[in-house]
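Undergrad: Attaching a single structure in C-alpha cells format; questions to follow.
Read the figures in this text as sums done on the coordinates, not as results from a lab. Computed from a prediction, not measured in an experiment: that's the story for all the values here. Glycine gets a Cβ as well: all are built from the backbone with ideal geometry, and neighbour counts include every protein chain shown.
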Amino acid sequence: MCGIVGIVGRRSVSQRLLEALKRLEYRGYDSAGLATISEGTLVRCRAQGKLVNLEMRMREQPLNGIIGIGHTRWATHGAPTERNAHPHMVDGIAVVHNGIIENFAELKAALEETGANFETDTDSEVVAHLLAKYRREGMNSREAMYEMLKRLRGAFCLAILLQDDPSTIMAARNGPPLAIGRGDGEMFIGSDPITLAPFTNEVTYLIDGDWAIVGNTDVSIFDARGNAVTRPRCTSTASADRVTKGHYSHFMEKEIHEQPDVIGRALARYVDSSSDLVAPLSTGIDFAKVASLMISACGTAYLAGLVGKYWFERYARLPVEIDVASEFRYREIPLSPHAAALFISQSGETADTLASLRYCKGHGLKVGAVVNTSESTIAREADTIFPILAGPEIGVASTKAFTCQLTVLAALALAAGKARGTLTADQERQLVKRLIDMPSIVREVLQNIQSQIQLLSRELSESPHVLFIGRGTSFPLAMEGALKLKEISYIHAEGYAAGELKHGPIALVDKNVPVIIIAPYDQVFEKTVSNMQEVAARGGQIILITDERGAASSKLETMHTIVLPHVDEIVAPIIFALPLQLIAYHVAVFKGTDIDQPRNLAKSVTVE
C-alpha cells in the first residue's frame, strides 16, 4: 500500500527519493510527494496521480537539500487529491504515514479545541499536529515523539522531518514494515527492502513499537516504553536492479510467461529430481506429530490455501481448517496444542495474515510461512519458512506467485504424506515425477492457447457479468478466475462450487451471461457435466475449460472450449490456472484498463 522512503545524506536527495519511490510503484498508489530541508527551510512538492506528475512538478519546483522524505499514498481517509497527499506539514514539521490511525477522529477533535487548523481529510495529519503541540509546550523532538506515539492507536509507520533539526529523520513502526539502511556517511529508511537496495544492503528492521532517530552515520532505536534498544543488522538480498517489462506490454503478461521458469525454480527447492523423491525439509513443523493443520491467508493466497487443503487431506490424511485471515483473527478459535499452522502471503507483510500468525504463536502453535519475501515480517516471525521463489511480482493481480504457492503447497503435502506414512515410496515417486514434468507442460500450454484465449476474451469484454464454476480443486480455481477478472477488467464476476449452482446462482443464468466451467477429467467430471447441462438448458453461454479426455467425453455445444493436456490431479490446478490468468489479462487489454495497477487495489495490504 503506501510507500515511505527517507534519506539523511551528504548530497542532494530529491532525485534519489524520486527514484526510490518509483521502485515502490508496484504497491499501488494514487498520489505522491517529497519534502526536504533547503537552506534551513522545510519545503515540499506533491502531486495527484502517477509519479510522472510529481516528476513534472519537481522540474518546475526543484527541491534542494541533503535530507528528505518521500511518500506514495493509497487513500484510506480522504479522496486521492493533491491536498490530501503526503507529506503533511504543520509548524515546521513534515510527516509521511503508512497505515491507519484508528483514533484520529478523537485526536482531531481535541486538537481543534486547542486551535489546530486541519488542511486535509486524512487521519495522518493528526500526527503532525500532535508533534507541533508538544513542541510548543517546550518538549524537545525526542520527548515530543515519545508522547505523540503514546497517543496513537492503529497501524502505522512514520517518517518525520523537523525544520529545526536538519540532520535527523525520526521514524516509527507499529504494524506496517519499516527498515533502516546504513550507507557510507548516509542513512536510509524505507517501507520495503527493495526501496533501499540501490543504496545499501545493510539493513535493520524495526519491530512493532520501535521508534528511531536516524542521523547520517548512525541510528538510535527505542522501544514503546522509550528505552534504548539494539536491533540486529541484516544483509538484504533485494536486488538493486529495477524490474523491467522487457518486450512485454505489461508486467502481468511478463509474469504469466515467467511461470515455467519460476515453477521449476520452486520445485528444485522441494523435490529431488535425481531420485524422484521429496527433498528433506529443514523445518520446525513435524508433520508426523501434527494432528491437524490451520491455514490462513487473504485474497489469492487464501485461494491457493484452499487448493492446498485438498492436497493435505488427500495425500497426507491431515485434517485442514482454512480461514480468510481477516475472519480468523477475530473468531477466537480454540486451538489444539497438537495443531500446526501455515500462513500464506506473497508480500509477507499482509496485516491480517500477520495478526493471525501472532495469534497462533501466542497459543503455542508451530507456524510456517509460505512467502515470496524471505526478509518480510511474516517470514521473520514464523518458526519456519517455505519460500516460493517466484521472484519480484510487480503486477497487482498475482499470477506467478499463485502458481508457485500451489507448487510449494503440493510439495509440502507430499512431504507430509511421506512423514505420516500415508504415501508409499512408489506413490511418492509417481507424484513427484508429475510435479517435475510440470514446467514443460506449463510452457506448452502458454504457447498453445494464446490465440484462442484472445478470441474469446474479445467477446467476454462486452459482458457485464461472468460466472465461474468448478468442483474439487477447481472450485477455488473458479473463485480465483473470477477474482482475476474483476480485479483488472472491472467486470462483475463470481466463482461458485458447481454443485451449488442450483442453490441460487442459476437464477442469474440466461443467454447474456457467460459461464466459465473448469472441468478437468477427474473423479467429479461427470458431476460437473451435469451442471453444464443445467446451464445449457437455460440458454447460458458455456465456456468450457477441460482436458483432452474431457473434451472427448463432453458432447454439449459451447461458446468456446479450451482443451488442455490431460495431467495428474496433483498438477491440474496449476495447469488450469493458466487459461484463467490469460482470460483476465486479455479481457482487460480489450477494455483498456490499467492492468498492472488496477484502480483501488494495492500489491501489499499492510492495514486492515
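Undergrad: If contacts are Cα pairs under 8 angstrom and at least 6 residues apart, what is the relative contact order of the chain in percent?
TA: Reported relative contact order: 12 percent.
Undergrad: Residues of the range 13-40 with the amide nitrogen closer than 20 Å to a label point 7 Å from the Cα of residue 79, along Cα-to-Cβ, please.
TA: 29-33
Undergrad: Let me ask you something else. Work out how much length residue 291 to residue 139 would gain on full extension: take 0.36 nm times their residue separation and subtract the Cα-Cα distance, in nm to one decimal.
TA: 49.2 nm
Undergrad: Here is a further query. Between helix 51-60 and the chain, what is the angle of the helix's C-alpha long axis to the longest principal axis, kept within 0 to 90° and rounded to the nearest 10?
TA: Taking the Cα atoms of the chain, the angle to 51-60 is about 30 degrees.
Undergrad: Taking every pair of alpha-carbon atoms in the chain, what share in percent sits in each 10 Å bin, from 0 to the bin with the longest distance?
TA: That works out to 3, 16, 25, 24, 17, 10, 4, 0, 0, in percent per bin.
Undergrad: Here is a follow-up. Modelled label-to-label distance, residue 163 and residue 510, 7 Å Cα→beta-carbon offset: nm?
TA: Going from the residue 163 label point to the residue 510 one covers 6.4 nm.
Undergrad: DSSP beta bridges in the chain, what fraction antiparallel, as a percent rounded to 5?
TA: DSSP beta bridges in the chain are roughly 60 percent antiparallel.
Undergrad: With r defined as the distance between the Cβ atoms of residue 600 and residue 427 and R0 fixed at 60 Å, what FRET efficiency is calculated, to the nearest 0.05?
TA: After rounding to 0.05, the efficiency reads 0.85.
Undergrad: Suppose R0 equals 41 Å. What FRET efficiency, 1/(1 + (r/R0)^6) with r the Cβ-Cβ distance, do residue 121 and residue 568 give to the nearest 0.05?
TA: Computed FRET efficiency for residue 121 and residue 568: 0.15.
Undergrad: Kirkwood hydrodynamic radius of the range 246-442 from all distinct Cα pairs, in Å?
TA: 16.8 Å
Undergrad: Is it possible to state the helix-based mean residue ellipticity at 222 nm for the chain, with each DSSP H run of 4+ residues giving -39500 (n - 2.57), the sum divided by total residues, to the nearest 500 deg cm²/dmol? What is it?
TA: When only DSSP H runs of four or more count, the value is -11500 deg cm²/dmol.
Undergrad: About the Cα centre of the chain, what is the dipole size in debye to 20, counting +1 per Lys and Arg Cβ and -1 per Asp and Glu Cβ, all else neutral?
TA: So the dipole magnitude of the chain works out to roughly 420 debye.
Undergrad: Place a +1 charge on the Cβ of each Lys and Arg in the range 461-577 and a -1 charge on the Cβ of each Asp and Glu, then give the dipole magnitude about the Cα centre in debye, rounded to the nearest 20.
TA: Roughly 240 debye for the range 461-577.
Undergrad: Under a Cβ-only charge scheme (Lys and Arg +1, Asp and Glu -1), can you give me the dipole magnitude of the range 3-235 about the Cα centre, in debye to the nearest 20?
TA: For the range 3-235, the charge dipole is close to 440 debye.
Undergrad: Multiply the residue separation of residue 443 and residue 555 by 0.36 nm, subtract the distance between their alpha-carbon atoms, and state the gained length in nm to one decimal.
TA: 37.5 nm
Undergrad: For each of 217, 200, count neighbouring Cβ atoms within 10 Å of the residue's Cβ, then give the residues from fewest to most.
TA: Final ranking by Cβ density, sparse to dense: 217, 200.
Undergrad: Would you mind checking the range 146-162 for residues with the amide N under 18 Å from a putative spin-label position 7 Å along Cα→C-beta of residue 223?
TA: 146-147, 149-150
Undergrad: Test of understanding: extend the Cα→C-beta vector of residue 61 to 7 Å, then name every residue of the range 1-21 with backbone N under 16 Å from that spot.
TA: Under cut-off, by backbone N: 14-15, 18.
Undergrad: A follow-up question, please. Taking θ as phi - 60°, what are the ³J(HN,Hα) couplings along the range 146-152 by the Karplus curve (6.51, -1.76, 1.60), each to the nearest whole Hz, with x for Gly and Pro?
TA: Along the range 146-152, the couplings run 4, 5, 4, 4, 5, 8, 8 Hz.
Undergrad: Sorted by packing (mean other beta-carbon atoms within 10 Å per residue), highest first, where do 550-558, 386-394, 519-527, 139-147 land?
TA: 386-394, 519-527, 139-147, 550-558
Undergrad: Round to the nearest 10 and give me the degree value, 0 to 90, for the angle of helix 351-362's Cα axis relative to the longest principal axis of the chain.
TA: Taking Cα atoms only, the helix is inclined about 90 degrees.
Undergrad: In nanometres, what is the gap between the two model label sites at residue 50 and residue 10, each 7 Å from Cα along Cα-to-Cβ?
TA: 3.6 nm
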